[in-house]
Amino acid sequence: MLSKKLQDAFNEQINREFFSEYLYLSMSAWCKSGNMDGIGNYFHVQAQEEHQHAMKFFNFIHDRGGTVLLKALDAPQSKFKSLIEIFEQTLEHEQFITKSINTLMSTAFKEDDHAAVSFLKWFIDEQVEEEASVSKILHKIKLIKGEGHGLLMI
Ligand code: MG
């Protein structure tokens with residue numbers, strides 16, 4: 001059985017993962033409306049991954065006999081200045097998610113909940129990958145200064 005403290009924290013994380021899905025969908029929409037279909041598709045795929053992250057928490061809470069409580073989602077930003085801004089924000093957002101996963105892990109340790117620790121390990125590893133891949137893309141876009149033929153290549 002999941003402790004009340006962990007259950008509350010996991011429900012918060014469901015909201016953060018669904019907000020991530022919403023944010024990346026919004027970025028996808030901005031890219032697609034600017035005819036940047038390739039990057040638009042990239043963010044669509046990212047959004048789908050965030051949905052799966054939320055559902056992992058959703059299922060884990062149920063598997064542990066807890067109660068899922070879905071909260072209201074904030075509206076994501078819908079206008080962006082540039083692709084550089086989008087990827088900077090994505091990196092910042094993923095760093096925020098990494099912090100919140102780390103906090104969850106610390107709570108799981110404090111609660112001596114080994115199943116939760118084991119479950120969260122996947123997310124710890126996932127965040128390393130997320131941050132690395134977003135950093136790489138951001139670096140490339142900065143190299144080409146976010147414009148011209150280079151963007152078409154990306
Ligand atoms: Mg996520």
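How much length would be gained if the chain were fully extended between A115 and D8, taking 0.36 nm per residue of separation minus their Cα-Cα distance, in nm to one decimal?
Details: separation 107, 0.36 × 107 = 38.52 nm, distance 1.63 nm.
In short, 36.9 nm is gained.
Would you kindly compute the Cα radius of gyration of the chain and its largest Cα-Cα separation (Dmax), both in Å?
Using the Cα atoms of the chain, the pair Rg, Dmax is 17.1, 55 Å.
Taking neighbour counts of Cβ atoms within 10 Å as a proxy for exposure, in what order, fewest first, do S118, S3 appear?
On the way: S118 10, S3 17.
Listing S118, S3 from fewest to most nearby Cβ atoms yields S118, S3.
Would you mind putting 30-37, 91-98, 68-75, 17-24 in packing order, based on average other-beta-carbon counts within 10 Å, highest first? If you can, show how the numbers build up before the last one.
Details: 30-37: 14.5, 91-98: 16.5, 68-75: 10.8, 17-24: 21.4.
Output ranking for 30-37, 91-98, 68-75, 17-24: 17-24, 91-98, 30-37, 68-75.
Using Cα atoms only, what is the angle between the long axis of helix 37-63 and the major principal axis of the chain, expressed in degrees (0 to 90) to the nearest 10?
0
In debye, nearest 20, what is the charge dipole magnitude of the chain about its Cα centre with +1 on Lys and Arg Cβ and -1 on Asp and Glu Cβ, if you could check? Present the calculation step by step, with values, prior to reporting the outcome.
Numbers: 16 positive and 22 negative charges, 53 e Å.
In total the dipole reaches around 260 debye.
Can you give the FRET efficiency for S100 and W122, using 1/(1 + (r/R0)^6), R0 = 22 Å, r = Cβ-Cβ distance, to the nearest 0.05? Numbers along the way, then the final one.
Values: r = 15 Å, r/R0 = 0.68.
For S100 and W122, the calculated efficiency is 0.90.
With a point put 7 Å past each Cα toward its Cβ, work out how far A72 is from H139 in nm, to one decimal.
The two pseudo-label positions are separated by 4.2 nm.
Which whole-angstrom value gives the distance between the alpha carbon centres of segment 94-145 and segment 41-66?
14
Using only Cα atoms, find the angle between the long axis of helix 114-143 and the longest principal axis of the chain, and express it within 0 to 90 degrees, rounded to the nearest 10.
10
Could you pull out every one of the lysines with an alpha carbon less than 16 Å from that of K136, ignoring same-chain neighbours closer than 8 positions?
K145
For segment 95-102, just list the computed ³J(HN,Hα) in residue order, Karplus coefficients 6.51, -1.76 and 1.60, θ = phi - 60°, integers in Hz, with x standing in for Gly and Pro.
Result, ordered by residue: 5, 5, 5, 4, 4, 6, 5, 4 Hz.
All of the numbers you see were taken from the coordinates with simple rules; none came from a lab. Just so it is clear, the structure is predicted and the values come from calculations on it, not from any experiment. As a convention, Cβ positions derive from the backbone with ideal geometry for all residues, glycine included, and neighbour counts pool all protein chains shown.
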